[in-house]
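Chemist: Can you keep this structure in mind? I'll have questions shortly.
The values are calculated or read from the model by the stated rules, or taken from the named source; none is laboratory data. The shown structure was predicted, so the numbers you read here are calculated from the model rather than taken from an experiment. Here Cβ is always computed from backbone atoms with ideal geometry, including for glycine, and neighbour counts include all displayed protein chains.
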């Protein structure tokens, strides 16, 4: 709730940050879901293509409700329909599930590398300038994608990490498939957002260190 309040406040106090965050989350979720789709296709499942989800259209992947939540609360979600029964690999579930977070990790690397190289060659710009705003965008882009990567790898349904772990652990797969445990996992999933601040701290630490290495 604190993070969402800060986002709404930034709409008037720091519109560049607000726009950077919203644009980043939309693009990152769309590419995250396409990562799942490409991996599913590589595993022999054409559900993403047949369902019309191999597209860059945010409405297809996120839906109106998710986009509205993003604009107001600052959080959003997406979905890529797949059929695990068609996966050709024994660990197809893990491959497809991990593809999304890996896309976010790649996006974070690209964004933060651009920022680091730019700072190394051009130096720190004047605050409030166009260059400053563009650099801030790459910072937001990198940090947000690190958070999305770490968040989705947490092994709690419906996050991708649960499918990865379940693919390698039969007891865990049986546990998350138990209808009597769904309520518990739902509560735990909601509780995950209570540690969002820690994820951001970790993301900023990783981002800061990587940019520092590039700046030299």
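Chemist: If you scan the range 60-84, which residues turn out to be part of a helix (DSSP H, G or I) and within 19 Å of residue 38 (Cβ to Cβ)? Give the derivation first.
Modeler: Step one: of the range 60-84, the residues part of a helix (DSSP H, G or I) are 60-61, 63-72, 84.
60, 61, 84 - these are the residues of the range 60-84 that are part of a helix (DSSP H, G or I) and within 19 Å of residue 38 (Cβ to Cβ).
Chemist: Taking the condition more than 16 Å from the chain's Cα centre (by Cα) and closer than 24 Å to residue 105 by Cα, does residue 166 pass? Spell out the reasoning first.
Modeler: Numbers: more than 16 Å from the chain's Cα centre (by Cα): yes; closer than 24 Å to residue 105 by Cα: yes.
When the stated conditions are applied, residue 166 passes them.
Chemist: When the residues of the range 193-210 are narrowed to those that are under 18 Å from residue 135 (Cβ atoms) and free of Cβ contacts under 8 Å to residues at least 24 places away in the same chain, which ends up surrounded by the fewest Cβ atoms within 10 Å (Cβ to Cβ)? Lay out the reasoning, then the answer.
Modeler: Of the residues in the range 193-210, the ones under 18 Å from residue 135 (Cβ atoms) are 203-204, 206-210.
In the following step, the residues that additionally are free of Cβ contacts under 8 Å to residues at least 24 places away in the same chain were identified as 208-209.
Values: 208: 13, 209: 11.
It comes out as 209.
Chemist: Restricting to the range 117-135, count the residues that are without any contact (Cβ under 8 Å) to a residue 60 or more places away in the chain and loosely packed, with under 13 Cβ neighbours inside 10 Å. Can you show your working first?
Modeler: Within the range 117-135, the first condition is being without any contact (Cβ under 8 Å) to a residue 60 or more places away in the chain, and the residues that meet it are 118, 121-132, 134-135.
Then keep just the ones that are loosely packed, with under 13 Cβ neighbours inside 10 Å; that gives 121-124, 126-130.
Here the count works out to 9.
Chemist: Still on this structure, please answer the following. I'm trying to understand the selection: among the residues of the range 52-94, which are at positive phi, surrounded by 15 or more Cβ atoms within 10 Å (Cβ to Cβ) and either in contact with a strand residue (DSSP E or B) (Cβ under 8 Å, 6 or more places away or on another chain) or modelled with pLDDT of 95 or more (or both)? Don't jump to the end; show me each part of the working.
Modeler: Narrowing the range 52-94 to residues at positive phi: 52, 63, 74.
Within this subset, residues satisfying the condition of being surrounded by 15 or more Cβ atoms within 10 Å (Cβ to Cβ) are 63, 74.
Answer for the range 52-94, where residues must be at positive phi, surrounded by 15 or more Cβ atoms within 10 Å (Cβ to Cβ) and either in contact with a strand residue (DSSP E or B) (Cβ under 8 Å, 6 or more places away or on another chain) or modelled with pLDDT of 95 or more (or both): just 63.
Chemist: Can you find a residue in the range 24-34 that is surrounded by 16 or more Cβ atoms within 10 Å (Cβ to Cβ), over 13 Å from the mean Cα position of the chain (by Cα) and closer than 27 Å to residue 109 by Cβ? Lay out the reasoning, then the answer.
Modeler: At the first step, the residues of the range 24-34 found to be surrounded by 16 or more Cβ atoms within 10 Å (Cβ to Cβ) are 24-34.
Next, from what is left, pick out any that are over 13 Å from the mean Cα position of the chain (by Cα): none.
No: zero hits.
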